[in-house]
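The values are calculated or read from the model by the stated rules, or taken from the named source; none is laboratory data. Note that the structure is predicted; figures quoted are calculated from it, not measured. Counting neighbours? That spans all protein chains shown, and the Cβs are built from the backbone with ideal geometry, glycine included. When the accessible area is computed, the model is the full protein with side chains, heavy atoms only, and any ligands, DNA or RNA have been set aside. Shrake-Rupley method; radii C 1.70, N 1.55, O 1.52, S 1.80 Å.
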Amino acid sequence: MAADMRLPTIQKPVSLTFSAFDRKDLVVPGDVITSDTGFMRGHGTYVDEEKLTASVAGEVQRVDKLICVKPLKTRFNGEVGDVVVGRITEVQQKRWKVETNSRLDSVLLLSSVNLPGGELRRRSAEDELTMREYLQEGDLISAEVQSVFSDGALSLHTRSLKYGKLGQGVLVQLSPSLIKRQKTHFHNLTCGASMILGNNGFVWLYPTPEQLEEEAGGFYTSLEPVSVSDREVISRLRNCLLALAAHKVLLFDTSVLYCYESSVHHQVKDILKPEVMEEIVMLTQQKLLDQEG
Amino acid sequence: MATVQVSEAEKVYILHGIRDDLRVDGRGCEDYRHMEIETDVVSNTDGSAKVTLGDTAVLVGVKADIGKPRPKVPNEGYVEFFVDCSANATPEFEGRGGEELGTELSNTLYKVFNNKHSVDLKSLCISAGEHCWVLYVDVLLLQCDGNLYDAISVAIKAALFNTKIPRVHISADEEGGKEIELSDDPYDCVRLNVENVPCIVTLCKVGHRHVVDATLQEKACSVASLIISVTHKGTITCTRKVGGGSLDPESIFEMTEAGKRVGKALHAPLMKLLQQEESLGKARQKVGFLG
């Protein structure tokens, strides 16, 4: 019950491979990447006096003649097909505005959602007036990016049964560059909880539903109390995610699971202490390296 | 205060969790987040401290100036508080957005310290009726993630512990008036006794239970909070209720008892840590703001 007070210490980055100083492909804004004019410039670069210079801090990626800089911490730049977790900020005429950690609020059109009951019909004026009954301000949804508007705003859709309004659970907000692109972003972890790794950095942790609710279409949320064991698993996962994010480890289902397993003999609330975080992340990185090699 | 939006289902989840004494980050209802305290971070103040409580970061600087004592209490000095909510913490504080919160925080601090025992004001007197030390305590909010009062009170206690007031010598000058000389030696200074400085505990009522050190999400689920300032002996110097909701008299009593218990338990580890930091002396590795 006593508060854990301590003196601050300088945090050293935990890295089992090589340290950041040895890598030649990390740049900061203003660093000259190359003076060769034969390259095409991609995102994150600009030409300054015939020299290709970086405009963001991150790693340089080169594909044949194209050079771009992928930043470490950035707003979410959506592509078509990305899975995002977002929060409704506004209810407008025939559409909702969704916050997805991008430069502009994303848009969810009324015609892009599944109506409850799974009916396929033309949206009427009554549907427009009852929009707030489906999704209110503050609600969380999982959706897929349908297209990108010319100004960069994303257009989302929830036209599959796996997308829709999210029920009880915990949202963890992280940087989008830490989420690995995979075939599927919906994971039912073996430790007893489920996870949605949104490409925009929002990770949603929720208790695994017992049966698949096919007919609900994602708009019915259960408000039954979640059991204490499930709750503990979710809290532990949340703290593990924060520990991995603090040490800039790429997040995907395997790394999260390894981190969960490494943290089992610590108490859930102790995971956020600096020394415990370091230990857990070191073990996770070790396991990941062993798995690769 | 900075607010986050929470959906109805998330609120229900948080409520049920608190009811079962297992919060979202695994803490119990009366556990604090990880706290880091460092003193002597600002070089041009007489005392300073930086406290990080989870994601909340607070910087306090104390400057001692010579001023005229208040007419009603000629043989005492006084303490002035000023809280600045910097736009660094959240965009809502941009321009004059943080002023309302800042004045609310400083008014509460005045109430908390408005008694004879928290700070020994008589020791701040130089010559009765003419000169006294005025302590200007400036609080700067760097990051805001809930529980500002607790972090600010811990930082103030640490900064006051760290404050070094130069010794003064009063001599008579030619015209018969008093001349004040400050000692030239930077190590010749007076330290304050911070034993009785209270620490503030904020208890938020969520559902039927109360939580200590609420995060912004938990704050969004609570309707009312009780702010209690407690000394190391368990004496309450100030109680304040904030929030639009109502509190039952029984729950106020329960929360007060819990606040006394939690507040009392804060002082001992804090003083121990401050003394440990002091004993490290020059060997201490200063972390500051980067790292």
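Among the residues of the stretch A:137-158, the one identified as of a type in the set (Ser, Thr, Tyr) and within 17 Å of the chain's Cα centre (by Cα) is A:142.
Here's a check for you: in the stretch B:4-15, which residue that is in contact (Cβ under 8 Å) with a residue 24 or more places away in the chain and in a helix (DSSP H, G or I) is nearest to the other protein chains (Cβ to nearest Cβ)? Spell out the reasoning first.
First pass over the stretch B:4-15, keeping only residues in contact (Cβ under 8 Å) with a residue 24 or more places away in the chain: B:4-6, B:10-11, B:14-15.
Now restrict to residues that are in a helix (DSSP H, G or I): B:10-11, B:14-15.
Numbers: B:10: 7, B:11: 9, B:14: 9, B:15: 9 Å.
Of everything passing the filter in the stretch B:4-15, B:10 is nearest to the other protein chains (Cβ to nearest Cβ).
Of the residues B:60, B:41, the single one that is open to solvent by 20 Å² or more (accessible area, probe 1.4 Å), in contact (Cβ under 8 Å) with a residue 24 or more places away in the chain and closer than 29 Å to residue B:280 by Cβ is B:41.
If I filter the stretch B:65-77 for residues that are within 14 Å of another protein chain (Cβ to nearest Cβ), touching a helix residue (DSSP H, G or I) at 6+ places or on another chain (Cβ under 9 Å) and either at pLDDT 90 or above or open to solvent by 10 Å² or more (accessible area, probe 1.4 Å) (or both), do I get at least one hit? For the stretch B:65-77, residues within 14 Å of another protein chain (Cβ to nearest Cβ), touching a helix residue (DSSP H, G or I) at 6+ places or on another chain (Cβ under 9 Å) and either at pLDDT 90 or above or open to solvent by 10 Å² or more (accessible area, probe 1.4 Å) (or both): absent. Has the stretch B:118-130 got any residue that is under 29 Å from residue B:204 (Cα atoms) and not basic (Lys, Arg)? Among the residues of the stretch B:118-130, at least one is under 29 Å from residue B:204 (Cα atoms) and not basic (Lys, Arg), which makes the answer yes.
Which is more than 9 Å from chain A (Cβ to nearest Cβ) and not hydrophobic (A, V, I, L, M, F, W, C), of B:20, B:40, B:25? Being more than 9 Å from chain A (Cβ to nearest Cβ) and not hydrophobic (A, V, I, L, M, F, W, C) holds for just one of B:20, B:40, B:25, which is B:40.
Selection of the stretch B:43-55 for residues being closer than 15 Å to residue B:138 by Cβ and either touching a helix residue (DSSP H, G or I) at 6+ places or on another chain (Cβ under 9 Å) or within 10 Å of chain A (Cβ to nearest Cβ) (or both) yields B:45, B:46, B:47, B:48, B:49, B:50, B:51. Close contacts from the stretch B:155-182, counting a first residue that is at pLDDT 90 or above and in a loop (DSSP other than H, G, I, E, B) and a second that is buried (at least 23 other Cβ atoms within 10 Å of the Cβ) and of a type in the set (Val, Ile, Thr), with Cβ to Cβ under 6 Å and a gap of 6+ residues or different chains, come to B:163/B:62. Out of the residues in the stretch B:243-281 that are of a type in the set (Lys, Arg) and within 19 Å of residue A:4 (Cβ to Cβ), which is farthest from the other protein chains (Cβ to nearest Cβ)? So the residue we want is B:264. Could you say whether any residue in the stretch A:159-169 is in a strand (DSSP E or B) and within 19 Å of the chain's Cα centre (by Cα)? Within the stretch A:159-169 (the criterion being in a strand (DSSP E or B) and within 19 Å of the chain's Cα centre (by Cα)), the answer is yes, since at least one residue qualifies. Please verify whether residue A:86 is under 17 Å from residue A:156 (Cβ atoms), small (Gly, Ala, Ser) and either free of Cβ contacts under 8 Å to residues at least 60 places away in the same chain or surrounded by 14 or more Cβ atoms within 10 Å (Cβ to Cβ) (or both), treating the condition exactly as stated. Yes; evaluated as a whole, the condition is true for this residue. Among the residues of the stretch B:183-240, those identified as touching a strand residue (DSSP E or B) at 6+ places or on another chain (Cβ under 9 Å), open to solvent by less than 30 Å² (accessible area, probe 1.4 Å), outside any loop (DSSP other than H, G, I, E, B) and touching a residue at least 60 places away in the same chain (Cβ under 8 Å) are B:199, B:200, B:201, B:210, B:211, B:212, B:218, B:221, B:227, B:229, B:238. Condition first: more than 14 Å from chain B (Cβ to nearest Cβ), crowded, with 21+ Cβ neighbours inside 10 Å and of a type in the set (Gly, Ala, Ser). Can you find one or more residues in the stretch A:191-214 that meet it? Yes, some residue in the stretch A:191-214 is more than 14 Å from chain B (Cβ to nearest Cβ), crowded, with 21+ Cβ neighbours inside 10 Å and of a type in the set (Gly, Ala, Ser). Checking each residue in the stretch A:229-268 for being surrounded by fewer than 23 Cβ atoms within 10 Å (Cβ to Cβ), within 11 Å of another protein chain (Cβ to nearest Cβ) and over 18 Å from the mean Cα position of the chain (by Cα) picks out A:229, A:230, A:232, A:233, A:266, A:267, A:268. Looking at the stretch A:60-144, the strands (runs of 3 or more DSSP E) lying wholly inside it that each contain 3 or more residues that are of a type in the set (A, V, I, L, M, F, W, C) and within 26 Å of residue B:220 (Cβ to Cβ) sit at A:83-92, A:106-113. Step by step: first the residues of the stretch A:269-293, then only those that are under 22 Å from the mean Cα position of the chain (by Cα) and open to solvent by less than 40 Å² (accessible area, probe 1.4 Å), then the one that is nearest to residue A:10 (Cα to Cα). Which residue is that? Among those that are under 22 Å from the mean Cα position of the chain (by Cα) and open to solvent by less than 40 Å² (accessible area, probe 1.4 Å), it is A:277.
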